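Asks: Supplied in structure tokens, the structure appears directly below.
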Amino acid sequence: MNAASLILPFGVLTYLLVLFNVLSGHRIIKIHISWHRRMGYVALLAASTHLGFVLYYKLFV
């Protein structure tokens, strides 16, 4: 498994996490604020990982 094969799954995961946070922030999905905050951190981690894979693939491969 190389970096290129991980770009799409992490992009989709990041999109879904951000969508979940937007919906929970607008109270369409009702969750506790601590879960909203945790999911925001997970979304940031997924987006950073996705960015890392993209930059690695574009710069070094």
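Asks: Within the stretch 39-56, count every residue that is aromatic (Phe, Trp, Tyr) and either surrounded by fewer than 14 Cβ atoms within 10 Å (Cβ to Cβ) or not in a helix (DSSP H, G or I) (or both).
Replies: Result for the stretch 39-56: 1.
Asks: Right, something else. Anything in the stretch 8-35 that is surrounded by 15 or more Cβ atoms within 10 Å (Cβ to Cβ) and not aliphatic (A, V, I, L, M)? List them, or say none.
Replies: Within the stretch 8-35, PHE10, GLY11, THR14, PHE20, ASN21, SER24 meet the criteria.
Where a number appears in this text, it was derived from the coordinates with a stated rule and is not lab data. Computed from a predicted model, the values in this text were never measured in an experiment. Using ideal geometry, Cβ is built from the backbone for each residue, glycine included, and neighbour counts are taken over all protein chains shown.
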